[in-house]
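Chemist: The structure that follows is given in the form of structure tokens.
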Amino acid sequence: SRVLEVGSGFGCNLLRIQQFAAEAVGVDIDPTYLAFGPLFAEFAGLPAPKTVCARAESLPFDDGSFDSCS
């Protein structure tokens, strides 16, 4: 499954999500927060999560790019 976390911040949730999803991507508006994701991942011994700096109102993904949650 492809999971998108909007407002991912430091990426702490992404570290857990990426263990169960085929792909997990985090989006946050603040690049400073996103810079900490790889550091947390390294500390946890996990691969760095994929992240994108963008506003939730204008995500840079095509509709249907991620699986829906029901």
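Chemist: Report which label in [x] 4, 20, 32, 27, 13, 3, 0; [y] 4, 19, 29, 25, 16, 6, 1; [z] 3, 16, 25, 28, 19, 7, 2, 0 holds the value of P(r) over Cα pairs in 5 Å bins from 0, in percent derived from the coordinates of this structure.
Modeler: Of the listed options [x] 4, 20, 32, 27, 13, 3, 0; [y] 4, 19, 29, 25, 16, 6, 1; [z] 3, 16, 25, 28, 19, 7, 2, 0, [y] comes from this structure.
Chemist: While we're looking at this one, here's another question. Under a 10 Å cutoff between Cα atoms, tell me which one of ALA54, ALA24, ALA44 has the largest fluctuation in the Gaussian network model of the chain.
Modeler: Maximum fluctuation in the GNM of the chain, among the listed residues, is at ALA44.
Chemist: How high is the FRET efficiency between ALA22 and CYS53 when r is their beta carbon distance and R₀ equals 30 Å, given to the nearest 0.05?
Modeler: 0.85
Chemist: Let me ask you something else. Please give the per residue accessible area of the chain, computed with a probe of 1.4 Å over protein heavy atoms only, in Å². Show your work: numbers first, answer last.
Modeler: On the way: 4690 Å² over 70 residues.
Heavy-atom accessible area per residue stands at 67 Å².
Chemist: Tell me the carbon and sulfur percent of the accessible area for the chain, rounded to whole percent, probe radius 1.4 Å.
Modeler: Answer for the chain is 56 percent, counting heavy atoms of protein chains only.
The values are calculated or read from the model by the stated rules, or taken from the named source; none is laboratory data. The shown structure was predicted, so the numbers you read here are calculated from the model rather than taken from an experiment. Cβ: placed from backbone, ideal geometry, glycine included. Neighbour counts: every protein chain shown. Note: areas computed on protein heavy atoms with side chains; ligands, DNA, RNA excluded. Shrake-Rupley method; radii C 1.70, N 1.55, O 1.52, S 1.80 Å.
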